[in-house]
Amino acid sequence: MQNSLHDKAIEFGHSTPAMAAKFADCVGVKRLVLFHYSQRYKPVSKETVESETTEILLKEAKDALPPTSACEVIAAEDLMEISITRSARDTDTS
């Protein structure tokens, strides 16, 4: 849900793009993938208006990150595949 729908997001147990981005930055993730958003947000294409696309969600999330953040923000699309790799820190068992 867009940031402007903050109260409704809380009511339904969802996050806004800004909430997700701030949390991702707080815990130091390298990539935030926005997903499970309303069908009203369409992937960007020549036929869509920007206010009806996932671009608005991406912008809201990116705008919530501090300039020093290294977090990449992506809007998931149907059938999208994302590779996830483990860092040495994640596999350290000592």
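Counting other Cβ atoms within 10 Å as a rough exposure proxy, the listed residues M19, M80 run M80, M19 from fewest neighbours to most.
Within the shell defined by Cβ-Cβ distances under 9 Å, the residues around A21 carry a net charge of -1, with Lys and Arg each +1 and Asp and Glu each -1. Ordered by the number of other Cβ atoms lying within 10 Å of each residue's own Cβ, fewest first, L57, L34 fall into the sequence L34, L57. Note on L79 and V27: the model spin-label points, each 7 Å out from Cα along the C-beta direction, lie 3.0 nm apart. Remark: spin-label model distance R40-K8 equals 0.5 nm, labels positioned 7 Å along the Cα→Cβ axis. Among C26, C71, the ranking by other beta carbons within 10 Å of each residue's beta carbon, starting with the fewest, stands as C26, C71.
Quick note: the coordinates plus some simple rules give every number you see, no bench work behind them. Bear in mind the structure is a predicted one, so any value in this text is a computation, not a measurement. Don't worry about glycine lacking a Cβ; one is built from the backbone with ideal geometry, like all the others, and counts go over all protein chains shown.
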